[in-house]
Amino acid sequence: MLLAFAAFPFYLFSLWKRPLLYVGLALQIAYIISRGLTLGRLPLVGPHDTLTFLSASMIAFSLPFHRRLREHLQYYSWIALLAALFTVFALVAKQHNTPLPPVLKTLWFELHVVLAFLSYALFGIAAVLGALYLKRHDSLLESMQYRSILIGYCFFSLSMIFGGIWAYLAWGTYWLWTPKELWTSILWLFYSLYLHARLRQEWMGRPSAIIGIAGFAVVLFTYLGVSLLMKSSHSF
Amino acid sequence: MMIGKQLLSFLLSLRTAIWLLCLLIIMLFAGAVIMPSHQEFQSIHAMPLFEWMNVQASGITWWLWASVIILVLLSANTLFCSIESIIKKRKATQWLLLISPQIVHIGFIFILLAHLLSSLEGFKGNAVAQEGTALEIAGSTVMRIKSIDLQIDPRGYLTGWSVDVEYLADGAVMQQDRLLPNKPSLYKGFNIHVKDLQAYPFKAILLEVSREPGALWALAGGIIFMAGTITLIVLKSRRSERLSEYI
């Protein structure tokens, strides 16, 4: 549990000393690996594990943008703050240490969940880039937001496809009408809207940056809101 | 003639796609609010979607009907825009970059077609069974449950299970199979899977027999969609790398 908490101060102090961000990430990855080894499975069931993974993914994905965003130091501060926030939430969330239900013991489930959270991380980074663009009006930020969303959209679509294959094998149908699936569709359509709207001149820049930011609010509701407030096939 | 032109320009417009996407999001949002507050949605998986929509009150299904209409318009818009784009850009140099969004669109159409097929002709049936139970599944074919094996750890958690079945026609065994978690039994187009299990006071399973005519279309659509998306990302990143070399 100490290792789970260890990343938090490093993320916070990285606001002053950026290399501490890498230390925090290394500690969080070490925690995920150690938890996976202890449980004997992919540690991605329940909010504790998924929030930790989301936090680490956000930091890891933010690094490739480093080369192009050297002049935007605030970018790192916001990513570090978000990662620290998710780490705190993960710490207060209950750990899922019981054996996995048999239906979750499949590669399709693992791919489905890993890709979903990698996409959430990219959508989070896109929201930060969008917010910075609104403040600084640097078109590089907007272009980076687009890249982040495009790759996130690809991961998210793959996650939905793997989820469909898994559902067909587990429940005989590739689609279930539950609030989680409905919100997942809303999320996918929302980013489809972003990608199409950005093609039009009048939607480029500020409007599409705002859609990209709002998309992350939909992500958070789809991930946390629906799971906590509604019953669905994603509750195990 | 004038109406035809207006209709064509409506179907060929990216603006139409954007507004249809907005409307669809609003409809699904309405559904997300209505669905958890109405018991009727508990039976939505018991029959094909369109059959279910027909027997329910329009007060709770209007958003589904509206979504279907929007999806039909969106499909037509997608098709028209894709065809126009291919015709316009057929002589372009970076043809693969220009064609990959259209491949994504074809994948999307396939997935919608899959949902349409399953919503029209899908089938679902449930039955509770024990060891020795025989169930008629298709015409004269009977499925018999040979054995149910449940693996439960000392703490009482179910860690695995298997169900052995055999298919009989006129008393003769046609096929034997073993159902496992995430491994249904596929027989003559039917998907037979275990939905729930009971260990005490006696071993029993809740079986679901289903037919999803859209499943293969959905898989094909998914593969096409991803092929287009990945091609688009790879080509775009290569192009931007080349551009950044010049800058």
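The values are calculated or read from the model by the stated rules, or taken from the named source; none is laboratory data. Predicted model only: the values in this text are computed from it and were never measured. Every residue, glycine as well, gets a Cβ built from its backbone with ideal geometry; the counts of neighbours run over all protein chains shown.
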Do you know which residues across the range B:84-95 are surrounded by 13 or more Cβ atoms within 10 Å (Cβ to Cβ) and part of a helix (DSSP H, G or I)? B:E84, B:S85, B:I86
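Examine the range A:14-25 for a residue that is crowded, with 19+ Cβ neighbours inside 10 Å, more than 30 Å from A:W171 (Cα to Cα) and in contact with a Pro (Cβ under 9 Å, 6 or more places away or on another chain), and state whether such a residue exists. Give the steps one after another, and end with the answer.
Within the range A:14-25, the first condition is being crowded, with 19+ Cβ neighbours inside 10 Å, and the residues that meet it are A:14, A:21, A:24-25.
In the following step, the residues that additionally are more than 30 Å from A:W171 (Cα to Cα) were identified as A:14, A:21, A:24-25.
The next check asks that each one be in contact with a Pro (Cβ under 9 Å, 6 or more places away or on another chain); those that pass are A:24.
Yes, some residue in the range A:14-25 is crowded, with 19+ Cβ neighbours inside 10 Å, more than 30 Å from A:W171 (Cα to Cα) and in contact with a Pro (Cβ under 9 Å, 6 or more places away or on another chain).
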Sole residue being within 30 Å of A:P179 (Cα to Cα) and more than 11 Å from chain A (Cβ to nearest Cβ), chosen from B:I83, B:I137, B:I103, B:I99: B:I103
For the condition assigned to a helix (DSSP H, G or I) and either more than 22 Å from the chain's Cα centre (by Cα) or modelled with pLDDT of 95 or more (or both), what is the one hit in B:M35, B:M27? B:M27
Give me the residue from the range B:21-37 that is surrounded by 14 or more Cβ atoms within 10 Å (Cβ to Cβ) and free of Cβ contacts under 8 Å to residues at least 24 places away in the same chain and, out of that set, farthest from the other protein chains (Cβ to nearest Cβ). B:I26
Would you confirm whether any residue within the range A:187-195 is away from every other protein chain (no Cβ under 11 Å), over 19 Å from A:L85 (Cβ atoms) and not hydrophobic (A, V, I, L, M, F, W, C)? no
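Just wondering, is there one or more residues in the range A:217-228 that are closer than 14 Å to A:L150 by Cβ, at pLDDT 95 or above and not aromatic (F, W, Y)? Talk me through it step by step, then tell me what you get.
Of all residues in the range A:217-228, those closer than 14 Å to A:L150 by Cβ come to none.
No, the range A:217-228 contains no residue that is closer than 14 Å to A:L150 by Cβ, at pLDDT 95 or above and not aromatic (F, W, Y).
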Scanning the range A:171-202 residue by residue, those of a type in the set (K, R) and closer than 12 Å to B:L14 by Cα turn out to be A:R198, A:R200
Among the residues that make up the range A:147-165, is at least one of them at the interface with another protein chain (Cβ under 10 Å from one of its Cβ atoms), of a type outside the set (V, I, T) and assigned to a loop (DSSP other than H, G, I, E, B)? no
Being within 26 Å of B:I230 (Cα to Cα), within 12 Å of another protein chain (Cβ to nearest Cβ) and either within 18 Å of the chain's Cα centre (by Cα) or not in a helix (DSSP H, G or I) (or both) narrows B:L117, B:L71, B:L64 down to just B:L71
Within the range A:99-142, restricting attention to residues that are assigned to a loop (DSSP other than H, G, I, E, B) and in contact with a Phe, Trp or Tyr (Cβ under 9 Å, 6 or more places away or on another chain), which residue is nearest to A:G164 (Cα to Cα)? A:T106
Residue ID - modelled with the highest pLDDT, chosen from residues in the range A:183-213 that are outside any helix (DSSP H, G or I) and basic (K, R): A:R198
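Which of the residues belonging to the range B:82-95 are out of contact with any Leu (no Cβ under 6 Å at 6 or more places or on another chain) and of a type outside the set (S, T, N, Q)? Spell out how you get there, then give the answer.
Within the range B:82-95, the first condition is being out of contact with any Leu (no Cβ under 6 Å at 6 or more places or on another chain), and the residues that meet it are B:82-83, B:85-88, B:90-91, B:93-95.
Across the range B:82-95, the qualifying residues are B:I83, B:I86, B:I87, B:K88, B:R90, B:K91, B:W95.
Residues to consider are A:V88, A:V103; find the one that is surrounded by fewer than 22 Cβ atoms within 10 Å (Cβ to Cβ) and under 30 Å from B:L116 (Cβ atoms).
Values: A:V88 fails: under 30 Å from B:L116 (Cβ atoms).
After applying the criteria, what remains is A:V103.
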Within the range B:178-207, take every residue that is out of contact with any strand residue (DSSP E or B) (no Cβ under 7 Å at 6 or more places or on another chain) and assigned to a strand (DSSP E or B) and give me the one that is modelled with the highest pLDDT. B:K183
